[in-house]
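Next up is a structure, given as structure tokens.
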Amino acid sequence: MLKFLRLIMWLAIAAIIVIAAMILVPQHRSSAKDLSFDAQWLPAHQDKTGEYVARVADCAACHTAEGGTPYAGGRAIASPFGTIYASNITPDKATGIGDWTLDEFRAALVDGIGKHGENLYPAMPYDNYRKLSEADIEALYTYFHDTLEPVENKVQATALSFPFNQRWGIRAWKWVGLPKVGFVPPSQDARIARGAYLVEGPGHCAACHSPRNLAFAQNGTDASDPDFLSGGVIDGWTAPDLRSADATIKSWSAADLDLFLASGRNAHAGVSGEMALAIRDSLQYLSDEDRAAMVAYLRSIAAYQPVAVTGEAAPKAAVARPAELKAGLDDATRKLLLTPENQPLGARLFMDNCAACHFADGKGAAGIFPALAGNATVTAKQSNGLVDTILHGAAIPSTAQRPAELKMPGFADRLSDDDVAALASFLRSAWGNSADPVSAKDVSALR
């Protein structure tokens, strides 16, 4: 018994020493030399003000509150551990980063270390930004520290519950969650290398589109990991698989994917959820060459055989007429939609509320109303995105290529939980879709 107590005592002492070291011993900060990768195609070389790099890195999506001043912070970011409030990154010295040095700025971006040595929550994707080049980091510093107008905005402090409010614990997470600093081109092909840098680094696509492991670290930050970009979950919404043999985009051409990145819509889909912010604030502003490089890289690492041309033409409005419905409809869906007598609730609700826009063949109208057949949000393993869209509506943002903002109304006031569950379950099983049904309890949790 005495030996056991001694063992417990020594283990406790060891734990105290480790915790004290994590709190008191200064953390390593990456240097400019660690991030010395350079190429003429880097975003920093396209705009001396640094604004273009800020667009590519999609800083606005998190650091701008709804209706707030750009980059002044305050946006509430949901996490599995509580709400995290994005900081003010304008040059205001009292509430922003006006008194930060370049070294402090770099440490925050790539090491997750704040000005005063505190560990930053990984809601900020510094695990991806570790691939940023020094040239791009300096451009970002120029933009946020020297170019923007300062905005005084004291952001609500993040206050997570114990033990997640103990920031020293993030240091332990970094040991298992952070990849090696620096970018290594995966190909001699300049366009593929360029696309890899944009996707893996500033674009931080893996932050949403890669799954998380038990430590909530990204399962893969580059294509050497088979889980990289194989689909993830953010705030209950599924970020679709972009890479595996079952990826929805396997039927998209390069032009389809490019158009989606530029405008948030194409003949197959319309943007929704957090990706709408990425389109609105970042991807629509990328140069044609940068978007093409991203597309080329994504198709180069795909497990599917990319298609060479866009799929069949968009359906005519006339497809909503029963006489023209038969072509392209599977027998089960045809029976449900074209037989008014004893029609199941889900099918009837679709015809009453959805068919006018998405059409009875589920193909929608190219670039206007998203297709529901084969739609990644509709067939996602987690139904939160679909249910939230039915309840609260959605909007495809205005972009330079597609200026019209398209809004779908919400049906929360019109449909009961049972109605929404029936409608969602129908959508997830019609036109060849195959996904689990939705329960009224699932709907109630999101209402």
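The values are calculated or read from the model by the stated rules, or taken from the named source; none is laboratory data. The shown structure was predicted, so the numbers you read here are calculated from the model rather than taken from an experiment. Cβ sites come from the backbone with ideal geometry, for glycine too, and all protein chains shown count toward neighbours. Surface accessibility is based on the protein's heavy atoms, side chains included, excluding ligands, DNA and RNA. Shrake-Rupley method; radii C 1.70, N 1.55, O 1.52, S 1.80 Å.
Cα-Cα over 30 Å: which of K33/K115; K33/K93; K93/K180; K154/K381; K335/K441? Show your work: numbers first, answer last.
Numbers: K33/K115 20 Å; K33/K93 28 Å; K93/K180 32 Å; K154/K381 39 Å; K335/K441 28 Å.
In this structure, K93/K180; K154/K381 exceed 30 Å between Cα atoms.
What is the stretch 69-110 by shape, rounded, prolate or oblate, if you read a ≥ b ≥ c off the alpha carbon gyration tensor as root eigenvalues and call it rounded for a/c under 1.5, prolate for a/b larger than b/c, and oblate otherwise? Please list the in-between numbers first.
On the way: a/c = 3.00, a/b = 1.50, b/c = 2.00.
Oblate shape, in that a/c is at least 1.5 and b/c is the bigger or equal ratio.
So what is the 222 nm mean residue ellipticity for the chain from helices alone, if each DSSP H run of at least 4 adds -39500 (n - 2.57) and you divide by all residues, rounding to the nearest 500 deg cm²/dmol?
Dividing the helical sum by the residues of the chain leaves -10000 deg cm²/dmol.
Starting from 0.36 nm per residue, how many nanometres of slack lie between S251 and A445 once their C-alpha separation is accounted for? Present the calculation step by step, with values, prior to reporting the outcome.
Working: separation 194, 0.36 × 194 = 69.84 nm, distance 3.35 nm.
Length gained, S251 through A445: 66.5 nm.
Subtract the Cα-Cα distance of V307 and E66 from 0.36 nm times their separation in residues, and report this length gain in nm to one decimal.
Working: separation 241, 0.36 × 241 = 86.76 nm, distance 3.82 nm.
Going from the current span to full extension adds 82.9 nm.
Using DSSP to call loops (not H, G, I, E or B), can you name the chymotrypsin sites (Phe, Trp or Tyr not before Pro) in the stretch 54-119 whose Cβ has at most 14 other Cβ atoms within 10 angstrom? Each step should come with its number before you reach the end.
On the way: sites: Y71, F81, Y85, W100, F105; in loops: Y71, F81, W100.
Qualifying residues, ordered by number: F81.
I would also like to ask the following. With every protein chain left in place, what is the accessible area per residue of the chain in square angstrom, probe 1.4 Å?
Working: 21710 Å² over 447 residues.
Each residue of the chain exposes 49 Å² on average to a 1.4 Å probe.
Also, I was wondering about something else. The stretch 344-447: which chymotrypsin sites (Phe, Trp or Tyr not before Pro) are DSSP loop and have at most 15 other beta-carbon atoms within 10 angstrom?
Numbers: sites: F350, F359, F411, F426, W431; in loops: F359, F411, W431.
Sparse-neighbourhood loop chymotrypsin sites (Phe, Trp or Tyr not before Pro): none present.
Taking loop as defined by DSSP and a crowding limit of 15 other beta carbons within 10 Å, which trypsin sites (Lys or Arg not before Pro) in the stretch 332-381 fit?
Within the stretch 332-381, the qualifying trypsin sites (Lys or Arg not before Pro) (loop, at most 15 other Cβ atoms within 10 Å) are K381.
Could you work out how far apart the two model spin labels at H28 and T339 are, taking each label as a point 7 Å from the Cα in the direction of the beta carbon, and quote it in nm?
Calculated label separation equals 6.7 nm.
Leaving out ligands, DNA and RNA, and with a 1.4 Å probe, what % of the accessible surface on the chain is carbon or sulfur? The partial results should precede the final answer.
Numbers: 12460 of 21710 Å².
The C+S portion of the solvent-accessible surface of the chain is 57 percent.
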